[in-house]
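Step one of this worksheet: look at the structure below.
The values are calculated or read from the model by the stated rules, or taken from the named source; none is laboratory data. Small disclaimer: the values here were computed from a predicted structure and weren't measured. Cβ atoms come from the backbone with ideal geometry, glycine included; neighbour counts cover every protein chain shown.
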Amino acid sequence: MKNKILVTGGTGYIGSHTVVELQNSGYEVVIVDNLSNSRADVVDNIEKVSGIRPIFEQLDCLDYEGLNQLFTKHKGIKGIIHFAASKAVGESVQKPLLYYRNNLVSLINLLELMPKHGVEGIIFSSSCTVYGQPDILPVTESAPTKVAESPYGNTKQINEEIIRDYVKSGAPIRSVLLRYFNPIGAHPSALLGELPNGVPQNLIPFLTQTAIGIREQLSVFGDDYNTPDGSCIRDYINVVDLAKAHVIAMDRIMQQKQVEPVEVFNIGTGKGLSVLELIHAFENATGVKLNYKIVGRRAGDIEQVWANPDRANNVLGWKAESTIEDTLRSAWAWQQKLREEGIQ
Ligand code: UD1
């Protein structure tokens, strides 16, 4: 058995897939989640997939004393993967203080408690949003960060800085910042996936909900961008591949292989796909025709961004493996499963 790891937000979309991969690789997992955007029965499905039931504590990471007690109760936690955060870009514009409080204070609580409880390392869920519209594509980790388009994006930048400053101050911790591109897809078992709250804002859940008839039509936000077909370009990364990157990063932290106490990696495929290309890939992969329409641009959208994942490939030894077709089929299987279970 490897070390004990705390996964905050472990019943969420990326968190649940990561818990499975951590357990598959021998880590013991304690999940903390306030269930604000996930369901308790995700723990049952994690157990079905991995054969191991993770420890689950329903707790908000804003609760410093609760977290303190959790570390005492589950002695020997050596690493943290911090997913728990508010993540709706639009909502963050409406409720900035909620976002700053949730996302910043949760991280600060964890950082403060780490030395006290002998926790050695933390992986932080960051985002390619920190690059804004990069000047050079594909974007590398050394590209400058740009002024954030939303309070949500700003919390990612500030949290990266908080970790750097804390380590610089001499705190006895190590960290890996993973900058995710656009995570999509679901577990191949169709037991885990994304459970959007209300009307989905992200492309894939809206697309699969349209395909199954929950939504009448998918809007493509703009076809007048400076891209080959005029629609925006993103780097869509399979969620299981993304989950595996966390396990490798945690191994690196635990085995003290880091060259610097804070390391940053892009987690993407290195391939940019336009919205229209993605729609057609979905139709080809599943045989389902999508009802879509080109509409105006969405405020705040970046025109095009995709990763240079060389650092993750060469330094971490991680590489995105799934094909886009398999990933889109997994998203579709998950949507059908939700329908079967009467959830969505
Ligand atoms: C957004 C955030 C990003 C965040 C991520 C996670 C911005 C600028 N970026 O990424 O910081 O980490 O969500 O939630 O807000 N699209 C459509 N129709 C739709 C939905 C989306 O055409 O109904 C297009 C968008 O214009 C975009 C692409 O699909 O070009 C992907 O959109 P989305 O899934 O929302 O992700 P991002 O905006 O890239």
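Among the conditions (1) within 16 Å of the ligand (Cβ to nearest atom); (2) more than 22 Å from Q258 (Cβ to Cβ); (3) modelled with pLDDT of 95 or more, the only one that N109 does not satisfy is (1). Between L177, L192, the distinction of being assigned to a strand (DSSP E or B), within 17 Å of the chain's Cα centre (by Cα) and surrounded by 19 or more Cβ atoms within 10 Å (Cβ to Cβ) belongs to L177 only. Of the residues S92, S38, the single one that is within 16 Å of the ligand (Cβ to nearest atom) and assigned to a loop (DSSP other than H, G, I, E, B) is S38. Is region 252-266 home to any residue that is among the polar types (S, T, N, Q) and surrounded by 14 or more Cβ atoms within 10 Å (Cβ to Cβ)? Yes, the conditions are met somewhere in region 252-266. Close contacts from region 145-173, counting a first residue that is assigned to a loop (DSSP other than H, G, I, E, B) and a second that is among the acidic types (D, E), with Cβ to Cβ under 7 Å and a gap of 6+ residues or different chains, come to I173/E120.
The residues on offer are V220, V247, and the sole one that is in contact with a Leu (Cβ under 7 Å, 6 or more places away or on another chain) and farther than 21 Å from I324 by Cα is V247. Selection of region 85-118 for residues being surrounded by fewer than 17 Cβ atoms within 10 Å (Cβ to Cβ) and among the basic types (K, R) yields K95, R101, K116.
Of the set (1) at pLDDT 95 or above; (2) more than 22 Å from S189 (Cβ to Cβ), all apply to K2 but (1).
Q133 fulfils the conditions (1) closer than 23 Å to Y236 by Cα; (2) buried (at least 18 other Cβ atoms within 10 Å of the Cβ) except for a single criterion, (2).
Applying the criterion of being more than 10 Å from the ligand (Cβ to nearest atom) and at pLDDT below 95 to the residues of region 197-217, the residue that is farthest from A40 (Cα to Cα) is G198.
Here region 268-285 is the region considered, the condition is being among the polar types (S, T, N, Q) and in contact with a strand residue (DSSP E or B) (Cβ under 6 Å, 6 or more places away or on another chain), and the residue that is surrounded by the fewest Cβ atoms within 10 Å (Cβ to Cβ) is S274. Scanning region 226-252 for residues that are of a type outside the set (D, E, K, R) and over 19 Å from the mean Cα position of the chain (by Cα) turns up N226, T227, P228, G230, S231, C232.
Scan region 286-300 and give yes if some residue there is among the basic types (K, R), surrounded by fewer than 20 Cβ atoms within 10 Å (Cβ to Cβ) and without any contact (Cβ under 8 Å) to a residue 40 or more places away in the chain, otherwise no.
yes
Scanning region 287-337 for residues that are among the charged types (D, E, K, R) and away from the ligand (no atom under 16 Å from the Cβ) returns K289, D310, R311, K319, E321, E325, D326, R329, K337. Comparison of I108, I80 shows that the only residue that is β-branched (V, I, T) and either assigned to a helix (DSSP H, G or I) or more than 18 Å from G10 (Cα to Cα) (or both) is I108.
Being of a type in the set (G, A, S), buried (at least 20 other Cβ atoms within 10 Å of the Cβ) and at negative phi is the filter here, so list the residues in region 1-37 that pass it. Within region 1-37, G10, G12, G15, S16 qualify.
Residue count for region 218-242 satisfying the condition of being out of contact with any strand residue (DSSP E or B) (no Cβ under 7 Å at 6 or more places or on another chain), closer than 20 Å to T18 by Cα and within 11 Å of the ligand (Cβ to nearest atom): 0.
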